[in-house]
Amino acid sequence: MQLSNVCVSQKDQNKADSLEVIYNNSREARKDLEILKDLAKNSMDPSKQLKYSNELLATAQEKNSHDYLFIGYLQKGHALTARGDYSEALENFFKAASVAENQSELGLIKITLGDIYSLTQNHDRAIKYYNEGIEIIRQSNDSIPLGSALFNAGDEYLKNKQVDKAIIYLKEAEEIFKGLKYDYGIAYCLGTLGLAYAQIGRNEEAEANIQQAIQFLEKYEDYSPICEFLSGMSDIYAEKGRDSTAIEFALLSRDLAKAYGFKNEIREANLRLSQIYENRGNLLEAYKYYKEYIVYKDSVMNVSTAQSMAGLRADYEVAQKQAEVDLLNVQRENQKLVVISIAIASFLVCLLAFGLYRRNRFIKRTSKIIEKERNRSDRLLLNILPEETARELKKNGRVKAKKFESVTVLFADFKRFTLVAERLPPERLIKTIDYYFSQFDRIMEKYGIEKIKTIGDSYMAASGLPFPTNDHASKMLKAAFEMTEFVKETKENSLFDDADFEVRIGINSGPVVAGVVGIKKFAYDIWGDTVNIAARMESHSEIRRINISENTYELIKDEFQCEYRGEVEVKNQRILKMYFVNGVKESIKKEAV
């Protein structure tokens, strides 16, 4: 991970939002260099940052402003980096270097180039630029950029197992940030020092540091370093032999990285999962995660190859701006050496082309497998959650709870279930329950009703969500009558070997809150007094009968024949009337005919 010289916070985003209102309502603002600069620097959305950076560059070129050109290229590079477009990001950082006018700007560019090469695993170039940038920034006495540069260099050494050097750089960065009371930088240092301590066996210190860093960064919603720190926790527990906990942390890192599109973090989490499962002897799971690791690894390494080829150009363009950097020496080679070089290069290109061809074939095969698994997981998700809820979960990584003002909730259970269950073998019992509940599912699907869950022999469904309707109560009553008729016919005609059940149903209407609970084995559920009363209606019902509350009665009384059957006390000492529903009114039947 890298620590930016200027971290965008929610406060900065609020400033960007205010400026965006001015920008959208004023033509003059769209050409104001200062407004465009602030929008490009403070927007947390990479797409918006890229948009405003391009407009800043165009306006700066029109007005021939070198200062704003430098900022425009720099912010455009940052936006492209956030999107994973590293080659194009490098191009813009090179352009920023070409218009830099002082040592401070040049030092910033060198650190930024080090960040790019670090992301693409080019350790030598990353360390070269970091150390050159640090020497320049030390002369300017600018503390936060110096602390950020030292942190990034320490993180790079850590990635390459040079732990002693990493700790030296990270400790110096931490002292700078503590002196400035810069909590954001302190959190980064704490977490990364925790990763370093884990590598040298200081696991208790490592765990304490990482947990403290995660807790702080969650407040800032800075999820990229959190992903890496979660992976670090996975390594610590794997080292302790606690594989199950190690897998949980690695999965948390992977899922969070996928939710926010962090390719490097997705890659590393998949590699850790593959290694843990391989150590446990579960080769099938190990292969599954290694396959995904390869896909993300290739997407980054393709960029790395291109940047290595562009490295010479980077050295040249940046060196032009710094007298302390040696000029590139271009030496002429004799003709024989050129011919030999061309021959060797041609041979290597052929090898590379062949390798790329084989790799592309492998990627195509694995892509088909991954696509098949993705479609399978989508189908499973839709089988667990409503379609709208599933889409929201895939897009945002979480689901907001929603209130529905008027829905109808049904509870159904089987009479004498316990007695029957005691005499049936487990396999036959499950087969019997599945026979009934599968048909209930088909009935609910017919009327567009959402099945919520089953608990033992109890079946729960709700009509009128996730898409509100005006006829939710009527649909639920029609479905309930089909359920009772199905159970009756099955028993009377002996359609199933163990079909000896009788069903009773309770229904209530009113407001509910719906949402998804849990992060593992999550479930779509509903809550509220409406649900409790529906359960109470079911417990006071009778076999083959549908018992409804007065709330539902008021919604369906013009369509169905109802029989008043007394009152029942519900929560908070409330008294509700109950009704049996006997069927559709004759007038309604005639209209239907």
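The values are calculated or read from the model by the stated rules, or taken from the named source; none is laboratory data. The structure displayed is predicted, hence computed values, not measured ones. Here the Cβ is made from the backbone with ideal geometry for all residues, glycine too, and neighbour counts use every protein chain on show.
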Checklist entry - Restricted to the stretch 177-219, and to residues that are of a type in the set (Lys, Arg) and at pLDDT 85 or above, which residue is farthest from Asp235 (Cα to Cα)? => result Lys181
Item to check | Hits in the stretch 14-43 (condition: surrounded by fewer than 17 Cβ atoms within 10 Å (Cβ to Cβ), part of a helix (DSSP H, G or I) and without any contact (Cβ under 8 Å) to a residue 12 or more places away in the chain) | outcome: Asn14, Asp17, Ser18, Val21, Asn24, Asn25, Glu34
Item to check | Selection status of Thr490, within 30 Å of Arg428 (Cα to Cα) and either under 35 Å from the mean Cα position of the chain (by Cα) or not small (Gly, Ala, Ser) (or both) | outcome: yes
Next on the checklist: From the list Ala246, Ala269, exactly one residue is under 24 Å from Asp155 (Cβ atoms) and over 15 Å from the mean Cα position of the chain (by Cα). Which is it?
Outcome noted: Ala246
Checklist outcome for this item: When the stretch 440-469 is checked residue by residue, the ones that are loosely packed, with under 14 Cβ neighbours inside 10 Å, touching a residue at least 12 places away in the same chain (Cβ under 8 Å) and assigned to a strand (DSSP E or B) are Lys453
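When only residues in the stretch 406-439 that are of a type in the set (Phe, Trp, Tyr) and in a helix (DSSP H, G or I) count, which is nearest to the chain's Cα centre (by Cα)?
Phe437
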Checklist outcome for this item: Of (1) within 30 Å of Ser463 (Cα to Cα); (2) at pLDDT 60 or above; (3) among the charged types (D, E, K, R); (4) not in a loop (DSSP other than H, G, I, E, B), Lys368 satisfies every one except (1)
Item to check | Filter result (farther than 22 Å from Glu135 by Cβ and more than 28 Å from the chain's Cα centre (by Cα)) within the stretch 76-98 | outcome: Glu91, Asn92, Lys95
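Is it true that Tyr223 is under 21 Å from Asn264 (Cα atoms), out of contact with any Gly (no Cβ under 8 Å at 6 or more places or on another chain), in the same structural domain as Arg254 (by TED's automatic domain parsing) and surrounded by 23 or more Cβ atoms within 10 Å (Cβ to Cβ)?
So Tyr223 does not fit the description; no.
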Next on the checklist: Quick check on the stretch 475-483. Is at least one of its residues assigned by TED's automatic domain parsing to the domain that holds Asn551, surrounded by 17 or more Cβ atoms within 10 Å (Cβ to Cβ), modelled with pLDDT under 90 and out of contact with any Gly (no Cβ under 8 Å at 6 or more places or on another chain)?
Outcome noted: no
Next on the checklist: Please go through (1) touching a residue at least 60 places away in the same chain (Cβ under 8 Å); (2) in the same structural domain as Ile266 (by TED's automatic domain parsing) for His78 and return the number of the only condition it doesn't satisfy.
Outcome noted: (2)
Checklist outcome for this item: Checked Tyr129, Tyr68, Tyr52, Tyr73 against criteria (in the same structural domain as Asn264 (by TED's automatic domain parsing) and among the hydroxyl-bearing types (Ser, Thr, Tyr)); the one match is Tyr129
Item to check | Unmet requirement for Gln121, which otherwise passes all of (1) more than 19 Å from Ala213 (Cβ to Cβ); (2) in contact with a Leu (Cβ under 9 Å, 6 or more places away or on another chain) | outcome: (2)
Checklist outcome for this item: Exactly one of Asp441, Asp434, Asp413 is at pLDDT 85 or above, of a type in the set (Asp, Glu), in the same structural domain as Leu555 (by TED's automatic domain parsing) and farther than 25 Å from Tyr553 by Cα, and that one is Asp434
Checklist outcome for this item: Here the qualifying pairs (Cβ atoms under 8 Å; residues six or more apart or on different chains; first in the stretch 219-230 and closer than 12 Å to Asp155 by Cβ; second part of a loop (DSSP other than H, G, I, E, B) and among the aliphatic types (A, V, I, L, M)) come out as Pro225/Met1; Glu228/Met1
Next on the checklist: On the basis of being buried (at least 24 other Cβ atoms within 10 Å of the Cβ), of a type in the set (Asp, Glu) and in contact with a Leu (Cβ under 8 Å, 6 or more places away or on another chain), does Asp115 make the cut?
Outcome noted: no
